[in-house]
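A short worksheet on the structure shown next.
The values are calculated or read from the model by the stated rules, or taken from the named source; none is laboratory data. Keep in mind it's a predicted model, so treat the numbers as computed, not measured. Heads up, the Cβs are rebuilt from the backbone with ideal geometry, glycines too, and the neighbour counts pull from every protein chain shown.
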Amino acid sequence: MSTEAAFLTYSRQKLVDYRAQIERCARLLAPSELWHRANDHSNSVGNLLLHLRGNVMMWIVAGLGARPFDRDRPAEFAQRDPLPIEPMLANLADALAQVDGVIAAMTPADLQRRYKIQNYDVTGLEAVYHVVEHFAFHTGQIITMTKAIKNCDLSVYDAQGHRRDQRQTGAP
């Protein structure tokens, strides 16, 4: 497998992994917990779900896939009234399915090509890397917030650092 193909395959798998962790956390939370903000400078898990969907749609589906998407980024963070979790998770899953289709179809030339996304001039590789990195960051926030709210262990690794589901990721 080429380096480019390995990068794309690994990126797609990481987004699948992060989505599973996010869904697991979100379904543990009551509606009031899902929309709880620690303070005025913090986001809720619900806000982060809206934001992640907007980000992947803007950067990958619209940015790399050239499909129309009208994003209201400030609204992702401004939402205060609780929205039901299942439609939000379904919207995120649909967005990630579209993302997966775009990334799966990318060629080495697409990774090197320059794109204008959200006023940034980036290569396809930089856009994919940004989205995976951004998704990982907010997944970590969601896990941490869920642990703090629920006082539970959410690790997917055992005490020796091995995945509990036995899937090998190629990462330590």
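Laid out as a table, the results:
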item	result
Residue check, Thr169 at pLDDT below 95 and over 30 Å from Asp40 (Cα atoms)	yes
Enumerated helices (runs of 4 or more DSSP H) restricted to the stretch 1-80, each holding at least 3 residues that are in contact with a His (Cβ under 9 Å, 6 or more places away or on another chain)	45-56, 73-78
Residue in the stretch 88-108 that is assigned to a loop (DSSP other than H, G, I, E, B), surrounded by fewer than 16 Cβ atoms within 10 Å (Cβ to Cβ), in contact (Cβ under 8 Å) with a residue 24 or more places away in the chain and in contact with a helix residue (DSSP H, G or I) (Cβ under 7 Å, 6 or more places away or on another chain) present	no
Flag for Lys147 being within 21 Å of the chain's Cα centre (by Cα) and surrounded by fewer than 11 Cβ atoms within 10 Å (Cβ to Cβ)	no
Residues that are of a type in the set (S, T, N, Q) and surrounded by 16 or more Cβ atoms within 10 Å (Cβ to Cβ), drawn from the stretch 1-12	Ser11
Hey, Ala93 among the aliphatic types (A, V, I, L, M), closer than 22 Å to Ile142 by Cα and modelled with pLDDT of 95 or more or not	yes
Tally of residues being exposed (fewer than 14 other Cβ atoms within 10 Å of the Cβ) and either in a helix (DSSP H, G or I) or hydroxyl-bearing (Ser, Thr, Tyr) (or both) across the stretch 109-140	6
Test: residue in the stretch 155-171 that is under 19 Å from Thr3 (Cα atoms) and surrounded by 14 or more Cβ atoms within 10 Å (Cβ to Cβ)	no
Matching residues in the stretch 23-64 - criterion: being of a type in the set (Lys, Arg) and exposed (fewer than 14 other Cβ atoms within 10 Å of the Cβ)	Arg27
